[in-house]
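The values are calculated or read from the model by the stated rules, or taken from the named source; none is laboratory data. If you're wondering where the values come from, they're calculated on a predicted model, not measured in any experiment. Note that we place each Cβ from the backbone using ideal geometry, even for glycine, and neighbour counts take in every protein chain shown. Ligands, DNA and RNA are excluded from the accessible area calculation, which covers all protein heavy atoms including side chains. Shrake-Rupley method; radii C 1.70, N 1.55, O 1.52, S 1.80 Å.
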Amino acid sequence: MIRGHLAVIDMQRVFADPASPWAAPRYADAAAGVRRLLPAFAGRVTFTRFLAPEHPAGAWRAYYDRWPFARLPPQAGLWELTDGFADLAEHVVDAGTFGKWTSELAARVGPDGRLVLAGVSTDCCVLSTALAAADAGAEVLVVADACAGADDDSHRRALEIMRLYEPLIRVTTFAGLPLPAPGT
């Protein structure tokens with residue numbers, strides 16, 4: 001078991017479908033990384049979903065003018081979790097914002113807790129969640145090989161940006177996750 005709470009960010013059809021304007025080309029790689037992480041966090045996993053708001057406000061209006069395909073209700077297929085994740089998602093947080101550091105996720109992590117992040121996209125929702133959680137005082141670990149970006153360059157640059165926040169945010173790999181000492 002790895003200490004902390006795993007947040008699996010937005011592993012949804014809209015980011016997996018190659019025909020989607022929001023597709024993450026390495027979605028399948030991120031999904032494989034997430035599946036590898038799940039057993040180490042049994043009972044301590046939150047899946048998130050990005051959902052379009054019914055009535056976008058402020059700058060979100062211009063955002064959805066640019067992406068009108070996404071103006072679908074929460075029950076639309078593009079918002080569903082993929083790759084069997086729906087069957088594994090005991091706890092799901094929905095948000096109409098890039099960052100998923102909601103009061104609900106914060107309560108699950110706990111004060112002074114550790115948040116481990118995986119999912120898509122590294123350069124948007126993972127990054128936004130990591131920054132907000134770090135600002136709130138959570139220790140944040142981003143598992144690079146369980147994330148995917150809008151493209152490889154954006155993924156790499158987002159990881160480099162998050163490394164600038166060390167020690168508040170640490171970028172790691174599955175192999176580099178801190179495991180508890182034997183017998184603890």
* In nm, spacing of pseudo-spin labels at Leu72 and Arg156 (7 Å Cα→C-beta vector) -> 3.3
* What full-extension length gain, to one decimal in nm, is calculated for Ala42 and Ala107 as 0.36 nm per residue of separation minus the Cα-Cα distance? -> 21.7 nm
* Would you kindly calculate the mean projected area, averaged across all directions, of the convex hull enclosing the Cα atoms of the range 1-143, in square nanometres? => 8.2
* Determine the distance separating the Cα centre of the range 11-46 from the Cα centre of the range 84-120; give it in Å without decimals. => 13
* **Residue-by-residue Karplus 3J(HN,Hα) for the range 118-125, coefficients 6.51, -1.76, 1.60, Hz, glycine and proline x** => 8, x, 10, 9, 3, 8, 9, 6
* Could you give the spread of the C-alpha atoms of the range 91-184 along their three principal axes, from largest to smallest, in whole angstroms? => 41, 29, 24
* Remind me, relative contact order of the range 119-184 in percent, using alpha carbon pairs under 8 angstrom and six or more residues apart? -> 39
* GluC sites (Glu not before Pro) within the range 32-113, DSSP loop, no more than 16 other Cβ atoms inside 10 Å -> Glu54, Glu80, Glu90
* Can you give the accessible area of Phe69, probe radius 1.4 Å, in Å² rounded to 10? -> 70
* Cα convex hull of the range 71-127: mean projected area in nm², to one decimal? -> 4.8
* Structure fact -> Expressed in nanometres to one decimal, the distance between label points 7 Å along Cα→Cβ at Ala86 and Ala59 is 3.3
* Arranged from highest to lowest average of other beta-carbon atoms within 10 Å per residue, in what order do the peptides 95-102, 60-67 appear? -> 95-102, 60-67
